[in-house]
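None of the figures in this text is laboratory data; all of them are computed from the coordinates on show. None of these values were measured; they are calculated from a predicted model. Neighbour counts are summed over all protein chains in view; Cβ atoms, including those assigned to glycine, are modelled from backbone coordinates with ideal geometry.
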Amino acid sequence: MFGRNFFLDILSRSHIWHDKVLYVAVCPASFLETGGQLGLIHDPNRFEQMPVGIVLRRVPGVTQWAAWSWKATGVLPGAADANWRVLRTEGDMTEYHATTLPVELHGAETEAYLHGLAAQEPALYVVMRESVRADEPLDIVLITASPYEAQDYADSGEEIIEKIAMPAAVMAWVLDFVETHHREEIFKKRKRDKKDIGLVEDGVGDARITQMADVYRAPSQAKKERLQ
């Protein structure tokens with residue numbers, strides 16, 4: 001069982017972690033319910049997921065330093081698990097069903113999904129990293145319908161981000177989720193501070209005691225007092 005020091009250690013290093021980790025760190029009960037897995041805590045009533053197969057295409061590289069060039073070219077909604085299964089081969093081109101990952105929809109992220117659906121061509125975003133394994137040249141980290149999440153990974157500069165056109169079935173699913181769970185944020189007008197902005201607070205301490213060296217006393221006020 002995790003003790004108090006474990007969570008204090010997470011909090012002490014949370015400034016270099018993603019905000020999701022910080023959120024888990026301050027919710028130890030939810031963390032323990034996941035069996036010790038650090039992940040996103042979501043509202044189960046505003047959460048859905050769909051398994052989606054990811055198709056990668058391999059073609060000969062265009063430079064002498066890369067024997068092959070890889071690109072994410074398609075998705076397979078509702079696909080079963082796979083591990084670099086060959087789908088088709090034409091000459092030097094081979095397409096693989098590399099893996100199947102869930103596309104997750106969270107009620108708190110509906111604004112991002114709306115932004116993505118409003119694009120000229122709605123897309124899913126595949127996040128990948130280069131692998132050291134020859135038989136699996138790319139590690140597929142996740143697939144998301146959120147352009148905001150994809151941009152977060154792109155900003156790190158450590159991942160490869162590729163867009164794939166969102167199939168009609170997935171688009172309808174995302175749209176239905178947004179229509180069900182989107183909540184417009186109510187604009188709250190900021191109340192003006194009633195504090196007197198013309199109030200001058202000069203110096204600190206007893207005004208009856210000369211404080212010519214007081215760093216808090218305005219020079220103009222000190223000069224005025226000296227001449228009186």
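At an R0 of 45 angstrom, the distance between the Cβ atoms of residue 175 and residue 66 translates into a FRET efficiency of 0.70. Centre-to-centre separation between the Cα atoms of the range 113-147 and those of the range 45-106: 10 Å. Applying 0.36 nm per residue to the separation of residue 184 and residue 163 and subtracting their alpha-carbon distance, the gain on full extension is 4.8 nm.
The H on the amide N of residue 84, modeled in the peptide plane, is under 5 Å from the matching H of 98, 99, each at least 5 residues off or on a different chain.
An ellipsoid equivalent to the range 45-181, defined through the eigenvalues of its Cα gyration tensor, has semi-axes of 28, 16, 13 Å when rounded to whole angstrom and sorted largest first.
Note on residue 93 and residue 129: with the Förster distance fixed at 25 Å, the Cβ-Cβ geometry gives a FRET efficiency of about 0.60.
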